[in-house]
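Right, one structure below, let's go through it.
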Amino acid sequence: MAEDWQNGGFGLYIHWPFCQAKCPYCDFNSHVSAQIDQARWCNALLAELDRVGAETQGRVLNSIFFGGGTPSLMDPDLVAALIDRAAQLWPQANDMEITLEANPTSVEAGRFAAYRAGGVNRVSMGIQALNDEDLRRLGRLHSVAEARAAFDVARGHFDRVSFDLIYARQDQTLEAWEAELREALSMAIDHLSLYQLTIESGTAFGDRYAKGKLRGLPHDDLAADMYQRTGEICAEAGLEGYEVSNYAKPGSESRHNLIYWRYGDYAGIGPGAHGRLTLEGQRHATEQWRNPNKWLEAAEAGGAESQRRAISLADQSDEMMMMGLRLASGIDLNRWGSLSRRSLNEDRISHMEAIGMLRREGSRLFATQDGRMVLNTLLAEILVD
């Protein structure tokens, strides 16, 4: 139980908080800055890597993920330096995955060649829509033509390229989404992340929605139909829905994100980054300072971690269930039981099976396609003691 994280693996998340512009739907920790001292940031990030590496010596590193923000705004030399330092700190898995998020507006062939030479072997592109009017509404700075060109550049340098799309957008019909999704699948893609537009408080969209000025959002039934058709169309193209919002050809799943969903350990560094680290048999939740200036100063002073708390076994079991049921492969109840030291409510589970929300095969529990569509409601039912 003390080393349960090994069932999910160990990854490294590096957060780059800077963007060219703030998208109105985005609630990530991202900031627009006219000037960035990348050499200073490099030294601070390296110092944080060294600090975390000293606590986790000997672990096999399965993945590195550069997220943001817009990591494709990072100098390639900075990315290469971080990858090199990680290789010095941890032994690496044979199938090591190193992903960098990119926006089409920051894609240049020369930069991508340099990222590839520095060790990046997978790119995740934030395309978001294949419709110029909707790109404008979403606050994106690129056009569909630029997105397609950027995708072609990425495919020229990387064997593995994923991209994101947002659906259930303003005034979007089911037929329009089906056509757009088929267009995306025609782009020689092997992984897609497909997210329903959600309106988050504290964002520009959230403010507009609260004032009644964000019109044309689809009703719940239409959004549900879009979700169902997304899974069906992707499956027809050979991309299985292996997680609630992620679709891939066999073997092309995001290995880094699987660490999260399989409840492994991961170190999070960079402004606002979260982590899960098991140290001396106790799993901890970690968080780094959110404000970039505060983070930078703290990292230079010896450590940018703003919070570390021990996670109780009850909370660990809830987290494992919440993450595991997102996956089409479900959750191992033997593993869950050894961690949680409690049992599931059989009456609730049987009821959810009867209405098609859950299914069981041996020791594994799965949320069905219908169940994953209402996962929060489902979890509220089965996680109540």
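The values are calculated or read from the model by the stated rules, or taken from the named source; none is laboratory data. Please read these numbers as outputs of a predicted model, since none were measured by experiment. Backbone-built Cβ (ideal geometry, glycine too); neighbour counts: all protein chains shown. In case anyone asks, the SASA skips ligands and DNA or RNA and just uses the protein heavy atoms, side chains included. Shrake-Rupley method; radii C 1.70, N 1.55, O 1.52, S 1.80 Å.
Checking each residue in segment 98-125 for being in a helix (DSSP H, G or I) and under 14 Å from ARG148 (Cα atoms) picks out PRO104, THR105, SER106, ALA109.
Please go through segment 328-359 and pick out each residue that is in contact (Cβ under 8 Å) with a residue 12 or more places away in the chain, of a type in the set (Lys, Arg) and surrounded by 13 or more Cβ atoms within 10 Å (Cβ to Cβ). Across segment 328-359, the qualifying residues are ARG335, ARG348. When the residues of segment 152-196 are filtered to those that are modelled with pLDDT of 95 or more, in contact with a Lys or Arg (Cβ under 7 Å, 6 or more places away or on another chain) and part of a helix (DSSP H, G or I), the one that is nearest to LEU239 (Cα to Cα) is GLU178.
The residue that is farthest from the chain's Cα centre (by Cα), among those in segment 188-208 that are among the β-branched types (Val, Ile, Thr) and open to solvent by 30 Å² or more (accessible area, probe 1.4 Å), is ILE199.
Would segment 259-266 turn up any residue that is at pLDDT 95 or above, of a type in the set (D, E, K, R) and in a loop (DSSP other than H, G, I, E, B)? Within segment 259-266, one or more residues are at pLDDT 95 or above, of a type in the set (D, E, K, R) and in a loop (DSSP other than H, G, I, E, B). Filtering segment 218-234 to residues that are out of contact with any helix residue (DSSP H, G or I) (no Cβ under 8 Å at 6 or more places or on another chain) and open to solvent by 40 Å² or more (accessible area, probe 1.4 Å) leaves HIS219, ASP220, ASP221, GLU232.
When you check ASN376 against the structure, is it within 21 Å of GLU48 (Cβ to Cβ), at pLDDT below 95 and not in a loop (DSSP other than H, G, I, E, B), yes or no? Considered against the rule, which asks whether it is within 21 Å of GLU48 (Cβ to Cβ), at pLDDT below 95 and not in a loop (DSSP other than H, G, I, E, B), ASN376 comes out as no.
Per-residue answers, yes or no, for (1) assigned to a helix (DSSP H, G or I); (2) open to solvent by less than 40 Å² (accessible area, probe 1.4 Å); (3) out of contact with any Cys (no Cβ under 7 Å at 6 or more places or on another chain):
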residue: GLY251; (1), (2), (3): no, no, yes
residue: ASN257; (1), (2), (3): yes, yes, yes
residue: GLY268; (1), (2), (3): no, yes, yes
residue: ARG283; (1), (2), (3): no, yes, yes
residue: GLU287; (1), (2), (3): no, no, yes
residue: GLU319; (1), (2), (3): yes, yes, yes
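Please go through segment 277-325 and pick out each residue that is in contact (Cβ under 8 Å) with a residue 60 or more places away in the chain and of a type in the set (Lys, Arg). Passing the criteria: ARG283, ARG290. Within segment 101-151, being under 30 Å from GLN88 (Cβ atoms), among the hydrophobic types (A, V, I, L, M, F, W, C), open to solvent by 30 Å² or more (accessible area, probe 1.4 Å) and modelled with pLDDT under 90 holds for one residue alone: ALA109. Only a single item in (1) touching an Asp or Glu at 6+ places or on another chain (Cβ under 6 Å); (2) open to solvent by 40 Å² or more (accessible area, probe 1.4 Å) is not met by LEU277, and it is number (2). Would segment 169-187 turn up any residue that is crowded, with 18+ Cβ neighbours inside 10 Å and closer than 23 Å to SER30 by Cα? So far as segment 169-187 goes, yes, one or more of its residues are crowded, with 18+ Cβ neighbours inside 10 Å and closer than 23 Å to SER30 by Cα. Restricting attention to segment 68-100, the residues that are among the charged types (D, E, K, R), closer than 20 Å to ALA154 by Cβ and open to solvent by 20 Å² or more (accessible area, probe 1.4 Å) total 2. Restricting attention to segment 46-91, the residues that are more than 23 Å from the chain's Cα centre (by Cα), under 17 Å from TRP295 (Cα atoms) and among the acidic types (Asp, Glu) add up to 1. A residue that is touching a helix residue (DSSP H, G or I) at 6+ places or on another chain (Cβ under 6 Å) and part of a strand (DSSP E or B) can be found somewhere in segment 322-342. Sub-7 Å Cβ pairs linking a first residue in segment 239-261 that is in contact (Cβ under 8 Å) with a residue 24 or more places away in the chain to a second residue that is among the aromatic types (Phe, Trp, Tyr) and open to solvent by 30 Å² or more (accessible area, probe 1.4 Å), at least 6 apart or interchain, are SER245/TYR195; ILE259/TYR266; TYR260/TYR266, ordered by first then second residue. Inside segment 66-84, residues that are part of a helix (DSSP H, G or I) and over 11 Å from GLY119 (Cβ atoms) make up a count of 5. Of the residues in segment 121-139, how many are without any contact (Cβ under 8 Å) to a residue 24 or more places away in the chain and out of contact with any helix residue (DSSP H, G or I) (no Cβ under 8 Å at 6 or more places or on another chain)? Qualifying residue count, segment 121-139: 2.
So, ARG215, is that one part of a loop (DSSP other than H, G, I, E, B), more than 30 Å from ASP152 (Cα to Cα) and in contact with an Asp or Glu (Cβ under 9 Å, 6 or more places away or on another chain) or not? The answer is yes for ARG215.
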